[in-house]
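All remarks here apply to the structure that follows.
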Amino acid sequence: FKASLMRAMSQEAMLASETQRPNQLIGYGLTVAIVLVNLATLVITQMISSSSGIPNYTQNFTVSTTGAAVLAIAAIIGRKSLIVREKKDAYACVKFGMASWFFMWGYTKCLIYLSPLQYTAEDVGVGPSVSVILGFVLLREGIGLYKCGVMARNVIVVALILNKGGNGLESLVSDSSVILNGSVWALVAFCGTTGMRIVQRGCANDMKTALAFWGYVMNMFLWLPPGVPEVRVPFLWPALKEDSTVLSKVPLECWVALVISGIAGTSVVILQGQVLKHLDVGNYSVTVAPLVLLASTCWDMLHQPAGIYTFLGLAVAALGFGMDVFRESRTKNRLTVQVPDADAA
C-alpha cells in the first residue's frame, strides 16, 4: 500500500511539473505561427505602401488604435478585466508601451535611409544579437556556444538570400553614410523590440492581455499628433516623402487593409507573449528572425525568379530550424522525469 501511495504521489508530482515546466517544442510551434501571421502582415503592408502612400506616422496611429480596440472587444467577449491594480503591473504597462513606441519610432526613421530589404538584412543579422545581449544583461539569460552558432548561421543566411545576383551585397551598401544613419535608427528599433519581449517575458500570464492593451492605448495617444493633424517636429517627427498624400483621398480599401494589418500585428503580440512562456528572449529572437526572412523570401519567389544563392540560404535556414527542433526534442527526452519503480520504493 505504501509503495502504491508513493507511486501515485510521484505521478501527480510529475504531471504537475510537466504542466508548469516551459516546453520549447511548444515555443517553436508558436514561433512558426507568428511567422505565418507576420507574413500576412507584411503582404498587406506592402500593398498599402505601394498603393496608398499613407505616412508611417498615420499607419502607427491606426495600428495602435486597432490593437487597443481588438483587445478591448476580446476582453469584453471573454469577460476579462483590463484594469491594472498593482503598481508593478502599471509600471510594466508603461515600460511595454515605451518599448513599443521606440520600436515604431526607430523603424519609421530608419526607413528614411534604408530600403525594406536593407532593414530586413539588419533585422536578421543584428537584431538577434541585440536581443541576446539585452536578455543576458537584464534577465541573466545564458548565451552559450550554441546560441552564438545560431547567430552566426543567421548572418550566413542573410548573405546568401540577399546575394540574389551573385554579385555580393554591394547593392545593400552603396552609400555608407546613408547606411550608417539608417543602421543607428534600426538599432533603436531593435532595442524597442527586445524591450517589449523582455517585459512580456517577466509578466504574469494573467497580465499579458492587459499589458498589450495599455501599451496600444499609450501608443495611440503618442502617435496621434504626427498621425492625424500631421504635426512635424525636427528629429522627433521629421517630414516624410508621403506627407504630400491627402488622407481624405486615400481609397477605403487601403484603410481596411491597414486595419486588417493592425489585427494581424495584435495577434503577433499576443502569440509572442505565449511563446515567451517557453523560450527565453535570446532563443526566440535568434529563431524567429531567419524564419521571417525565409517566409518572406518564399513569398517573393512566387513573383520573381530566384538564384542559386537564394535557394542555398533557404536550405540553410530550414535545416537550421530543423536542427534546433531536433536538438530540443532529444534534450527533452533525456531530461524526462522517470517515475520510481514501486518495488524499489
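Some notes on this structure:
- Under 11 Å, Cβ to Cβ, from Arg153 - net charge with Lys/Arg +1 and Asp/Glu -1: 0
- Given R0 = 25 Å, the distance between the Cβ atoms of Glu86 and Ile133 translates into a calculated FRET efficiency of 0.25.
- Considering only Cα atoms, the convex hull volume of segment 217-281 works out to 134 Å³ per residue.
- Top positive-direction residue, dipole computed over segment 183-307 with Cβ charges, set Ser285, Leu222, Ile198: Ile198
- Above-threshold pairs, the threshold being 24 Å between Cα atoms, out of Lys95/Lys208; Lys87/Lys109; Lys147/Lys208; Lys147/Lys277; Lys109/Lys147; Lys109/Lys277: Lys87/Lys109; Lys147/Lys208; Lys109/Lys147; Lys109/Lys277
- Here the spin labels are modelled as points 7 Å beyond Cα on the Cα-Cβ line, and at Ser248 and Asn23 they lie 5.6 nm apart.
- Extension gain, Ala152 to Lys277: 0.36 nm times the residue separation minus the Cα-Cα distance gives 42.5 nm.
- Inter-probe distance in nm under a simple model that places probes 7 Å from Cα toward Cβ, at Lys241 and Ala33: 3.9
- Each peptide in 150-163, 281-294, 180-193 was scored by the mean count of other Cβ atoms within 10 Å over its residues; highest first, the order is 281-294, 150-163, 180-193.
Taken together, the values in this text are just the output of simple stated rules run on the coordinates, not laboratory data. Every value quoted in this text rests on a predicted model; they were computed, and no experiment measured them. Positions of Cβ are generated from backbone atoms using ideal geometry, with glycine treated the same way; all protein chains shown enter the neighbour counts.
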